Every structure is written in structure tokens, then in C-alpha cells.
Amino acid sequence: MNHSCNPSVIVDVQAMEVKANKDLVAGDELTFFYPSTEWKMASPFVCSCDSPQCLQVIAGAEHIPIGRLKKYHINQHIVEMITELLATNNPHIVLEHQHNQ
Ligand SMILES: [Zn+2]
């Protein structure tokens, strides 16, 4: 499946399920939000999904402000990475976190 910032499906790795994220009709492309499963991507790329909320560069959840990540279904292992970063008081993450409160 390709990535989209406005994905048609959710990949839930814990439940081992792929669920529709919107109404789908036959022929629709199945896409998911790569940072929902990837913390740091070995091969970042420029996104061309053309959605209004496109993040432009997809490099993994590590590079996305928490406020934007919260708009997506994020898998538990990514949530744990965020929690770990917050616990280390990473200044960048803390700033983003405060900004979105
Ligand atoms: Zn995009």
C-alpha cells in the first residue's frame, strides 16, 4: 500500500487488522499513513498525496509535531516512542506539546 496523509485505511498492527478509514467504493486505492507504523524511516520521501493536510515530507512519526500526529490513528509502539521522548524532556517535543495545548 502507498502512503497518504488522508489515508483510506488504518493499519492496526496490534490487532493485525486493516480497517476502512472512510467510505470506499470498488477501485479506490488503499492507502495508509506511514508514520502510524514508522517512527524513523530509512528512506524519507516527498509526499504527493495532494490532500489539504499533506505533511509534504514523510520521514516517520519522529519528525511530526504531536498535535498533527494526534489527528491520526497511531499504533501503540509509536505512542510509546512519543511517551519516551516526552519523558526525556526533549526541548523540541515539549515546545510542540505546549503549543498544541
Ligand atoms: Zn501527503
Scanning region 24-78 residue by residue, those in contact with a Leu (Cβ under 8 Å, 6 or more places away or on another chain) and within 10 Å of the ligand (Cβ to nearest atom) turn out to be Cys47
Would you be able to say whether some residue in region 29-37 is modelled with pLDDT under 95, loosely packed, with under 15 Cβ neighbours inside 10 Å and on the phi < 0 side of the Ramachandran plot?
-> no
Boolean, Lys19 is away from the ligand (no atom under 16 Å from the Cβ) and in a strand (DSSP E or B) = yes
Among the residues of region 2-12, is any more than 13 Å from the ligand (Cβ to nearest atom), farther than 26 Å from Pro65 by Cβ and modelled with pLDDT of 95 or more?
-> no
Would you mind finding the one in Ala26, Ala20, Ala15, Ala42 that is within 11 Å of Asn75 (Cβ to Cβ), surrounded by fewer than 19 Cβ atoms within 10 Å (Cβ to Cβ) and small (Gly, Ala, Ser)?
-> Ala15
Select from region 53-66 the residues that are surrounded by fewer than 15 Cβ atoms within 10 Å (Cβ to Cβ), modelled with pLDDT of 95 or more and in a loop (DSSP other than H, G, I, E, B) and list them in ascending order.
-> Gln56
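The values are calculated or read from the model by the stated rules, or taken from the named source; none is laboratory data. Everything quoted here is computed from the prediction, not taken from an experiment. Every residue, glycine among them, receives a Cβ derived from its backbone with ideal geometry; neighbour counts consider all protein chains shown.
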